[in-house]
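Reading through the structure tokens given below for one structure.
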Amino acid sequence: MLPADLPYYWNGLPFRAHQVGRKLQWLLGLGEIRPVLKDVYVDVRVPDSPQLRADALRLLTPPDAVVCGAAAAWLHGLDTTALGPAELVEAQWTRNARDEVELFGVRVTNPIATAVELAMRLHRPFALSAVDALLRTGKADLFALRAASAAYEQHPGYRQGQDILRWADRRAASPAESWLRLRLIDAGFGRPEPQVRVEGYGRTYWLDLGYPDRPVDGRRLGLEYDSDAWHSSTKQQLKDETRRTELDALGWHIIPIRRPDLWGRYPALELAVGSFLCQQPRLPRRW
């Protein structure tokens, strides 16, 4: 990789693949540039920022276009994880936007219109995680989203959009928590409470999701998503086990969830929750 004091490629501005030609794969292999979105790259020393995202989208959209869809959500500050399985966002635009704003010189659908569109068009789990994430930014209000969605009644995906807006919650701290909440709702267990506070002996615990108002034999159910990034090392796993033993003493049964539990084919999650709550889950899964 180049020393930090050498000039930035393209003066630190984003550029398209054809502008470097055959050097593209060589520069990527050296780790000196990185993709920003599909077909747009930038020097690795340039940090992510709203200005960079706007400059990248400007390279791929006509001057009179309005950025929409997942690209609009990305410009409004969402991470790609909440928007779909792909690591990079594709530029999406329209000339028939219902409501728009301007960000860093780029016309884009406003947060409310963006959230309603994503609720109707994305695959259900990503629709919920995208809307949750937009709500969490504070740029959109759930009541405003529900009111605005009435104007889309004749549009494809309206029924899904209404379902997603029914369950959206700004308290979801990560896309995985949104996906987990939707799995529980789809299985017929009802809406779990996000960010459940549990008072312990000299400390406070926070659970990703739980059913504090549905005790079974005096015990309550909590669920926690263990990401690979934060719960894979032996030290982290020992810390998790100690924490869950302490919660067990406080009357909480904790079910840890990993990524394969969310996206795998076998409904182990639904069966484990149903077993504790003494309730038959609704199967097969919807996604």
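The values are calculated or read from the model by the stated rules, or taken from the named source; none is laboratory data. These numbers come from a predicted model, not from an experiment. Note that we place each Cβ from the backbone using ideal geometry, even for glycine, and neighbour counts take in every protein chain shown. The area values use the complete protein model at the heavy-atom level, side chains included, leaving out ligands, DNA and RNA. Shrake-Rupley method; radii C 1.70, N 1.55, O 1.52, S 1.80 Å.
Structural remarks
- Counted over the chain, the DSSP beta bridges are approximately 75% antiparallel.
- For the listed peptides 15-25, 33-43, a ranking on the average number of other beta carbons within 10 Å per residue, highest first, reads 33-43, 15-25.
- Within a straight-line Cα-Cα reach of under 27 Å, LYS139 can be paired with the following lysines, leaving aside sequence neighbours fewer than 8 residues apart in one chain: LYS38.
- Placing a label point 7 Å from the Cα of LYS23 along the Cα-to-Cβ line, the residues of the stretch 30-49 whose backbone N sits under 15 Å from it are 30-34, 41-44.
- Our estimate of slack between GLU102 and GLN279, defined as 0.36 nm per intervening residue step minus the Cα-Cα distance, is 58.8 nm.
- Site pair ARG259 and LYS235 shows an inter-label distance of 2.2 nm when each label is modelled 7 Å from Cα along Cα→Cβ.
- Pairs of alpha carbons in the stretch 1-131 whose separation is greater than 17 Å (percent): 59 percent
- Sequence ranges 85-94, 159-168, ranked by mean other-Cβ count within 10 angstrom, highest first: 159-168, 85-94
- Label-to-label distance, PHE143 versus TRP287, with points set 7 angstrom from Cα along the beta-carbon direction: 2.8 nm.
- Using 0.36 nm per residue and subtracting the Cα-Cα separation, the extra length available between SER49 and THR81 on full extension is 9.9 nm.
- Whole-angstrom gap from the stretch 37-74 to the stretch 178-226, using each part's C-alpha centre: 38 Å
- Accessible area per residue for the chain, computed on protein heavy atoms with a 1.4 Å probe, is 53 Å².
- Among ARG45, ARG191, ARG203: highest mean-square fluctuation, GNM of the chain, C-alpha pairs under 10 Å: ARG203
- Exposure ranking of ASP208, ASP141 by accessible area [1.4 Å probe, largest first]: ASP141, ASP208
- Extension gain, ARG214 back to ARG197 (0.36 nm per residue minus Cα-Cα distance, nm): 4.6 nm
- Distance histogram for the stretch 138-273 (every C-alpha pair counted, 10 angstrom bins, percent rounded to whole numbers): 10, 35, 33, 15, 5, 0
- Sequence-distant aspartates and glutamates (8 or more away, or on other chains) whose Cα lies within less than 17 Å of LYS23: GLU32, ASP39, ASP43
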